[in-house]
Amino acid sequence: MKLDGAVSVVIGGANGIGKSYCESLLEKKCRVLLADIQTEVGQQTSEMLASRYGHDQVTFRKCNGVCEVDIRETLLEAKLRWGRLDIVINHVGILDEGNWKEVMDINIGSAILTAKVTEEILGKNNGGPGGVMVLTASAAAVLPFPLMPIYSTSKAAVVHYVRSLMHPLHYSRHGIRMMTICPSITKTNFINVANDRDKIGVMYEKAKELLKMKEATNSWIQPKWVGDLLIHMLENDEELAGTAGVLNSKTPKYYYKPRGKL
Ligand SMILES: NC(=O)c1ccc[n+]([C@@H]2O[C@H](COP(=O)([O-])OP(=O)(O)OC[C@H]3O[C@@H](n4cnc5c(N)ncnc54)[C@H](O)[C@@H]3O)[C@@H](O)[C@H]2O)c1
């Protein structure tokens, strides 16, 4: 798709990978509604980006990415402000092996609600123009990750859900090109969870070892690389719709193919 002049919403855009998504989109002259549950840091990030890319290019709105009403109002605000909406990104997710219900609720719930509202607003079946939806999953979604089985399973469900919705039976209805982005361990605030024994559970020591090794070898994924992958996938959305773009330090980019016909 052509990004110059397109309109996007990034939910979870204030920090880390989400912030990198916003920067990468703005670099391509795409307009961005940066939405986040944290008002202060969201506003700061949005203002910083506005001073760099233009005040008409980016704005902030508070949004809880697991609340259907918030997601709907956020998407409608972007459409109202710029007269169109092309790209919906939800980047929200948590890691807490001690609280499986919340992990499932948030990680899968945000995916389902985002797809539902995106279809309602952009779906061709609802008189919309179609568009693109991108969800952040994880490299732990495409291979089992025994250090975090609950998180890994929740993110696998996100990938599976999107691939199912991209089956011709669904795509022929809604016309929205959907994909997931699956980074490996990325240097953001998110990895601080590893210091919380309750949130990692029985694999706490192993997880600490892994992060120590990442630090010693400086083998983190950088948020900028994930932003670059987003742009690559958006610019090749016809070909890559339904895929999961996996990014890890050993194999910089590869694609998980969509399922075939039933
Ligand atoms: N960092 C990693 O190693 C890594 C790897 C793979 C996938 N991910 C995924 O990336 C996401 C975490 O992002 P990050 O690593 O950039 O961390 P981060 O903490 O730097 O950023 C997360 C952003 O999401 C916002 N957020 C959290 N809950 C929200 C909600 N309910 N509604 C709206 N905004 C919300 C936060 O305020 C923050 O701005 C998760 O979905 C995680 O599964 C992270």
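At least 1 residues being on the phi > 0 side of the Ramachandran plot is the threshold, and among the helices (runs of 4 or more DSSP H) wholly inside region 1-95 those reaching it are 16-27. Contact annotation: residue pairs with Cβ atoms under 8 Å, 6 or more positions apart or on different chains, pairing a residue in region 120-144 that is closer than 21 Å to residue 73 by Cβ with a partner that is more than 15 Å from the ligand (Cβ to nearest atom) and acidic (Asp, Glu), are 126/119; 126/120; 131/86; 132/86; 132/237. In the condition set (1) more than 10 Å from the ligand (Cβ to nearest atom); (2) within 27 Å of residue 32 (Cα to Cα), residue 210 is compliant with all but (2). For region 61-89, the set of residues classified as buried (at least 20 other Cβ atoms within 10 Å of the Cβ), within 16 Å of the ligand (Cβ to nearest atom) and touching a residue at least 40 places away in the same chain (Cβ under 8 Å) consists of 63, 65, 66, 71, 74, 75, 78, 88, 89, listed by residue number.
The rows are residues; the columns are (1) open to solvent by 20 Å² or more (accessible area, probe 1.4 Å); (2) part of a helix (DSSP H, G or I); (3) among the β-branched types (Val, Ile, Thr).
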| position | (1), (2), (3) |
| --- | --- |
| 105 | yes, yes, no |
| 112 | yes, yes, yes |
| 117 | no, yes, yes |
| 132 | no, no, yes |
| 144 | yes, no, no |
| 153 | yes, yes, yes |
| 157 | yes, yes, no |
| 163 | yes, yes, no |
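Out of the residues in region 186-213 that are without any contact (Cβ under 8 Å) to a residue 40 or more places away in the chain and part of a loop (DSSP other than H, G, I, E, B), state the one that is most open to solvent (accessible area, probe 1.4 Å). By that ranking, first place goes to 187.
The values are calculated or read from the model by the stated rules, or taken from the named source; none is laboratory data. Because the structure is predicted, anything quoted here is derived from the model rather than measured. Please note: Cβ atoms are built from the backbone with ideal geometry, for glycine as well, and neighbour counts cover all protein chains shown. Side chains are part of the model used for accessible areas, which takes the heavy atoms of the whole protein and leaves out ligands, DNA and RNA. Shrake-Rupley method; radii C 1.70, N 1.55, O 1.52, S 1.80 Å.
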